[in-house]
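The values are calculated or read from the model by the stated rules, or taken from the named source; none is laboratory data. This is a predicted model, so every value here is computed, not measured. Quick reminder, even Gly has a Cβ in these numbers, built from the backbone with ideal geometry, and neighbours come from all protein chains shown. With ligands, DNA and RNA removed, areas are computed over all heavy atoms of the protein, side chains included. Shrake-Rupley method; radii C 1.70, N 1.55, O 1.52, S 1.80 Å.
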Amino acid sequence: MTEAPVRTLLLWCPDWPVLAAELVDGVPATGAVAVLHANRVVACSEAARAEGVRRGLRKREAQGRCPRLTVVDHDPGRDARAFEPVVAAVEELAAGVEVVRPGACALAARGPARYLGGEEAAAERIIEHVAQTCAVESQVGIADGVFAAGLAARDGRVVPPGGTPGFLAGLPVEALGRPALADLLRRLGVRTLGGFAALPAGDVLARFGFDGVLAHRLAAGRDHRPLAVRRPPADLAVTADHDEPIDRVDAAAFAARALAERLHDRLAAHGLACTRLGIEAVTADGQELHRVWRHDGLLTAAAVADRVRWQLDGWLTGSAGRPGARPTRPTAGIIRLRLVPDGVLARADLQPGLWGETGEERERAHRALSRVQGLLGPEAVVTAVLGGGRSPDDQVRLVPWGDERLPARPGEQTGPARGRSASSGRGTSPPWPGRLSPPSPAVVLPAPLAATVHDAAGEPVGVSARLQLTATPARLAVGAARPVEIVGWAGPWPVDERWWSPAEARRRARFQMCLADGAALLLAVESGQWLVEAIYD
């Protein structure tokens, strides 16, 4: 028998990333503002929407529609820090507030409704209290389940008990928040959540997979999360006491990472994973702080550390929001930090390996690298992340161990390039035109080495404006070393990058050369100068 979804009240602050930029960085939200992530608009102000700016637009297209557009980079930490006063204001009227994401928080509607005289009265009271306390506009939606309440909040609606399936039925499939699935459903002729919910669950599983089944349950008004979450044993919580009160964000972030690792290891030992995280702190003068963060998936160690860092940042900076809003900074530094896994799920993927526990070696390496970071600092241990680019140094970015491993550039081409392509390339993403052909060099030099190339007569070899060699390469000298005979070479492979921007334009030709001493080098000619960029194994 399926349990009915919990009656949920969700408070939503429209365009929160834009409003957070105003609260933290002073960017006027009344103007045309757009928040960008990966060169695409993720949020925009009302004035920007009036000019035609929409979510998903590329930066250039958005600026073309609104030339006076102010562009702000997406910062989840800033959004969470600015949202903390709003959550604190809601918690003054109702207990058990869960942060769904920065800009939205949810709680069970039964308590506030009974205490404040009904669901509509509770919604009005919470909206008014947030406006008076934080000078922030918000909307409240009430429905059966978090998903339906979030959609109801868009219109400020209170969906009657039992009326959630009917409320969802007329909404477009894009409301699921899964663009790829919505596009596929529309091409199959399914345009509303009601039409999607009417499909047999077995057929949905066979055609769309497990994620499609979860979306199918949401479309029918059945939240899948509350059915699986259970109360964990009390001994799963982890606590850290600090002799010196923590009053700086960087020190709090370091403590959060170590505590998140402890929590993750303890949950893994029980075959569990966290889906709802309680963060508790005690200050030096006895003040107690508490917040609950909710996540749609399983919280990894890095995700736990991020949420603890965001929360501590919000507490310690004490963002007061708009002028006249009440400050929330603690009266003293934090001396005790406690993480409580408020909701957990059994980890089905913790099946023991054939030759031992799954991921045991990785966990040992993770603990060792974390220990080195604890001794030398977070930036002392870095790992390489592959991304897009045309040269080996462009395709690799070093990130601190434990941070989010996102490439600096996408795998596909993001700007025009002209010239001949070195390789057609193969992989999961389309290659960049002019990308270096495989195999990749084993060593990429942090700074290119100056070199000289001569022909058999001892004359310097160069590349003409028509990308032709002036002579056949015969000898190569790197720096002040003795020249070495060239036994094989390939090239030139010209690359003319960002030619539309003179300040950032770069034009060069690359070569691969094998030397008589067995060395194989990647060289480039740029502005008449030969440079050794990388070494092949």
FRET efficiency estimate (nearest 0.05) - Cβ-Cβ, ASP265 to GLU46, R0 51 angstrom
0.65
Probe radius 1.4 Å, ligands and nucleic acids left out: which of THR331, THR133 has the largest accessible area, and how do the rest follow?
THR331, THR133
Given a 1.4 Å probe and heavy atoms of the protein chains only, how would you sort THR164, THR452, largest accessible area at the top?
THR452, THR164
Which residues qualify? For VAL484, with a placed amide H closer than 5 Å and at least 5 residues away or on another chain, they are LEU476, ALA477
Go through 204-217, 147-160 and give me the packing order, highest mean Cβ count within 10 Å leading.
147-160, 204-217
At q = 0.17, 0.21, 0.22 Å⁻¹, base-10 log of I(q)/I(0) for region 432-537 (Debye sum, equal scatterers on each alpha carbon)
-0.80, -1.20, -1.30
Going by accessible area, probe 1.4 Å, with all protein chains left in place, what is the ranking of GLU485, GLU61, GLU533, largest first?
GLU485, GLU61, GLU533
Excluding ligands, DNA and RNA, the carbon-plus-sulfur percentage of the accessible area of region 427-537 with a 1.4 Å probe reads 56 percent
Computed FRET value (nearest 0.05) for ALA108 with ARG466, which takes r as the C-beta separation and R₀ as 60 Å:
0.25
Could you tell me what percent of the accessible area of region 30-179 is made up of carbon and sulfur, with a 1.4 Å probe and every protein chain present?
49 percent
Set the Förster distance to 35 Å, then compute FRET efficiency between ARG54 and PHE210 from the Cβ-Cβ distance, nearest 0.05.
0.70
Given a 1.4 Å probe and the protein chains all in place, what does the accessible area of ASP265 round to, in Å² to the nearest 10?
60 Å²
In nanometres, what is the gap between the two model label sites at ALA519 and GLU459, each 7 Å from Cα along Cα-to-Cβ?
2.6 nm
To the nearest 10 Å², what's TRP489's accessible area with a 1.4 Å probe?
100 Å²
Residue span ALA380 to ALA131: 0.36 nm per residue of separation minus Cα-Cα distance leaves a gain in nm of 85.2 nm
Trypsin sites (Lys or Arg not before Pro) restricted to DSSP loop in region 424-521 with at most 10 other C-beta within 10 Å:
ARG426, ARG466
Per-residue ³J(HN,Hα) for region 98-103, Karplus 6.51 cos²θ - 1.76 cosθ + 1.60, θ = phi - 60°, Hz, x for Gly and Pro
10, 7, 6, 6, x, x
Under 5 Å between amide H atoms, partner at least 5 residues away or on a different chain: which partners does VAL136 have, H built in plane at 1.01 Å?
ALA131
Accessible area per residue, Å², region 31-162 with all protein chains present, probe 1.4 Å
46 Å²
